[in-house]
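*Asks:* Below is a structure I'd like to ask you about.
Just so it is clear, none of the values below were taken in a lab; they were calculated from the coordinates. Note that the structure is predicted; figures quoted are calculated from it, not measured. Heads up, the Cβs are rebuilt from the backbone with ideal geometry, glycines too, and the neighbour counts pull from every protein chain shown.
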Amino acid sequence: MSLPAALAATRPIAGGFIAEIPETWMQGRTSYGGFSSALALHAAQRLADDLPPLRSAQVSFVGPLAGEVAVTARLLRRGRNASWISAEVASDAGVGLVATFVFMGAVEQSALHLHNVPAPHNLVPLAQAAPLPERAGPSFAPHLERRFALPRTDTPEPEICWWERLRDSEGLDPMVALLLIADALPPGVMPLTGSVPISSMTWLINLLTPLPQTDDGWWLLRAAGNYAEKGCSSQDMTVWNARGEAVAVGMQSIALFG
């Protein structure tokens, strides 16, 4: 079941809705983080029809989520130019995800222009990129098309960079679709650790555009680990569109169990 189908099947409750997390969107014993984050954003967007664009999201992955979940949101503050909305996703086992979303309109009088988020210099162009094996990856991988975006190297580096697109995003809000795919990479340190159990703890993502757009659905995702010690890893994350324009940057804290 795609996210559009899952959203179409939700049931309304006070402050949000009841949704089902399909087995095909699981990552181990919990929901894939991008899926549960997208549910939370959808609930936040429903609070008002005139929200400005999403510019930042802070997500805490508190516990496992599976099966039927309650997705609720509430307005924290609405100013003249920015709104803060909190959202939770909870199951019978308790709260599994807590998020704070910041929606902000343009400040037209700002004169500062800075765009210094270049794509990797050794990027493999989309048309030449080799696809990942069909059966590789977690349970949610079949929802994605994936291609290697960097040349193969003999020495492992704490970096993963792939071209990715959703197989079904029909009818999704562009920000919800972007949040759904933006967490799709394995941890950046995975080339050094192999397939050890992992658990994402927190995710901060800043949106660099009020309306994410790309060509033919393809995005370039990069995760670069910069710290790992005693089971705790930190990584930088970036999303570009197919034209090489940066649309999101972020950080994530990941627990490594091996």
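*Asks:* To check my understanding: the extent here is largest minus smallest coordinate of the Cα atoms along each principal axis. What are those three numbers for segment 24-66, in Å, largest first?
*Replies:* That gives 37, 18, 13 Å along the principal axes, largest extent first.
*Asks:* Have a look at segment 108-233 and give its Rg and Dmax from the Cα atoms, expressed in angstrom.
*Replies:* Both quantities, over Cα of segment 108-233: 16.0, 50 Å.
*Asks:* Please list, by residue number, every one of the trypsin sites (Lys or Arg not before Pro) in segment 70-135 that is coil in DSSP and has at most 14 other beta-carbon atoms within 10 Å.
*Replies:* Here the sparse-neighbourhood loop sites are 80, 135.
*Asks:* Please give, to one decimal in nm, the separation of the simple spin-label points placed at residue 192 and residue 106, each 7 Å out from Cα toward the Cβ.
*Replies:* For the pair residue 192/residue 106, the computed spacing is 4.2 nm.
*Asks:* Using a 10 Å cut-off around each Cβ, can you sort 134, 108 from fewest to most neighbouring Cβ atoms?
*Replies:* Arranged by neighbour count, lowest to highest, 134, 108 become 108, 134.
*Asks:* Counting pairwise Cα distances across segment 45-88, what percent come out greater than 17 angstrom?
*Replies:* In whole percent, the share of Cα-Cα pairs in segment 45-88 beyond 17 Å is 40.
*Asks:* Now a separate question. Going out from 0 in 10 Å bins, what whole percent of all Cα-Cα distances in segment 171-246 drops into each bin?
*Replies:* Computed distribution, short to long bins: 16, 47, 26, 10, 0.
*Asks:* So what are segment 13-133's ellipsoid semi-axes, whole angstrom, largest first, if each one is the square root of 5 times an eigenvalue of the alpha-carbon gyration tensor?
*Replies:* Whole-Å semi-axes of the equivalent ellipsoid: 29, 26, 11.
*Asks:* Okay, next question. How do 98, 69, 59 line up, fewest other C-beta atoms within 10 Å first?
*Replies:* Placing the least packed residue first, the sequence is 98, 69, 59.
*Asks:* Let me ask another. Can you compute the equivalent ellipsoid semi-axes for segment 63-159, i.e. the square root of 5 times each eigenvalue of the Cα gyration tensor, sorted largest first and rounded to whole Å? Intermediate values should be presented prior to the final figure.
*Replies:* Numbers: eigenvalues 245, 159, 26 Å².
Gyration-tensor ellipsoid for segment 63-159: 35, 28, 11 Å.
*Asks:* Calculate for the chain the 222 nm mean residue ellipticity that helices alone would give, adding -39,500 (n - 2.57) per DSSP H run of length 4 or more and normalising by residue count, nearest 500 deg cm²/dmol.
*Replies:* Working: 4 runs with 32 residues, N = 258.
After summing the helix terms and dividing by residue count, I get -3500 deg cm²/dmol.
*Asks:* Any idea how far apart residue 148 and residue 257 come out in nm if each label point goes 7 Å out from Cα toward Cβ?
*Replies:* 2.9
*Asks:* Quick one: 3J(HN,Hα) in Hz for segment 65-74, Karplus 6.51/-1.76/1.60 with θ = phi - 60°, rounded, Gly and Pro as x.
*Replies:* Running phi through 6.51 cos²θ - 1.76 cosθ + 1.60 with θ = phi - 60° gives 10, 7, x, 7, 9, 9, 10, 10, 9, 8 Hz.
*Asks:* log₁₀ I(q)/I(0) of segment 72-115 at q = 0.32 Å⁻¹, via Debye over equal Cα point scatterers, no solvent, to two decimals?
*Replies:* So the normalised log intensities are -1.07.
*Asks:* Limiting things to C-alpha atoms, what are the Rg and the maximum Cα-Cα separation (Dmax) for the chain, in angstroms?
*Replies:* In Å, with Rg to one decimal and Dmax whole: 17.8, 54.
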